[in-house]
Amino acid sequence: MHFLYSKNHIDSLQHLTTFDCQTCCMDDNELICRILSGNMNAFTFLVNRYRKLVVHITGRLIQRQEEVEDVSQEVFLKVYQSLGKYRNECKLSTWIATIAFNTGINHLRKLKNEDSRINIDDSSVVRSLTDFRTENYEQIDLHRYIRDQIELLPINFRTVITLFHLEEFSYLEIEQITGMPEGTVKSYLYRAKAILKEKLKFVVDKDSLKYVKEISNEQ
């Protein structure tokens with residue numbers, strides 16, 4: 001069953017913050033059934049449940065805050081219009097993440113100004129990352145520093161590290177979302193972590209290695 005849903009409707013969802021208890025307790029399959037039956041309160045809750053995921057993915061790809069909101073709204077418009085085609089072959093979060101990734105990539109293709117960053121050489125990336133002097137270490141917010149460095153990674157690198165570490169998708173799920181082979185996903189993730197560790201070694205002392213482990217996933 002297909003429902004037409006306007007961007008204005010998506011905009012209005014951002015102002016709705018209260019839901020009936022029954023809707024809040026529903027799992028994804030129950031929400032989908034309610035949405036396909038025309039229950040917009042259920043869709044409002046679905047948007048709020050997955051807004052952070054969509055913004056994470058589109059934000060990592062686009063990196064222009066004023067555009068991220070519009071693209072995220074476009075993602076949820078597509079989610080609503082395509083929900084009747086969802087066949088539960090993967091988790092709903094993976095399906096929505098796939099739509100978010102493809103929508104973000106299509107947006108970048110229209111802009112035609114991010115292509116040079118996709119296959120940038122690793123050594124160039126290291127040189128381009130923001131520098132901090134070691135003596136200023138205690139004055140910086142290390143978590144913010146790490147996030148800033150992720151933002152400066154090539155587009156594929158920052159995408160896979162976001163999906164794997166922040167959203168906790170598996171390699172297989174990232175392959176489904178991005179269309180990259182699992183081997184490529186692992187390669188990008190390894191290289192992204194290597195770049196981050198190269199920069200972090202200049203600002204992280206032995207007592208703060210736990211923060212590096214959050215990114216490098218080392219024991």
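Annotation note: of F76, F43, F101, the sole residue that is in contact (Cβ under 8 Å) with a residue 24 or more places away in the chain and in contact with a Ser or Thr (Cβ under 6 Å, 6 or more places away or on another chain) is F101.
Being out of contact with any helix residue (DSSP H, G or I) (no Cβ under 9 Å at 6 or more places or on another chain), modelled with pLDDT of 90 or more and not β-branched (V, I, T) is not true of Y171. Being closer than 21 Å to H165 by Cβ, crowded, with 17+ Cβ neighbours inside 10 Å, assigned by TED's automatic domain parsing to the domain that holds Q176 and at pLDDT 65 or above: is that true of I150 here? Yes: the conditions hold for I150. Hey, among the residues in the stretch 46-59 that are among the hydrophobic types (A, V, I, L, M, F, W, C) and surrounded by fewer than 22 Cβ atoms within 10 Å (Cβ to Cβ), which one's farthest from L111 (Cα to Cα)? Here the residue is V47.
Within the stretch 153-168, the set of residues being in a loop (DSSP other than H, G, I, E, B) and crowded, with 24+ Cβ neighbours inside 10 Å comprises L153 only. Sort out which residues of the stretch 174-219 are at positive phi and either modelled with pLDDT under 90 or part of a helix (DSSP H, G or I) (or both), and write them in order of number. Within the stretch 174-219, just N217 meets the criteria.
Inside the stretch 60-102, residues that are in a helix (DSSP H, G or I), modelled with pLDDT of 90 or more, surrounded by 15 or more Cβ atoms within 10 Å (Cβ to Cβ) and of a type outside the set (D, E) make up a count of 22. Looking only at the stretch 79-98, how many residues end up being within 23 Å of M180 (Cα to Cα), aliphatic (A, V, I, L, M) and in contact (Cβ under 8 Å) with a residue 40 or more places away in the chain? Counting residues in the stretch 79-98 that are within 23 Å of M180 (Cα to Cα), aliphatic (A, V, I, L, M) and in contact (Cβ under 8 Å) with a residue 40 or more places away in the chain gives 3.
The values are calculated or read from the model by the stated rules, or taken from the named source; none is laboratory data. Predicted model, so just to flag it, every value in this text is computed and none were measured. A quick note on method: Cβ atoms are made from the backbone with ideal geometry, for glycine too, and the neighbour counts reach across all protein chains shown.
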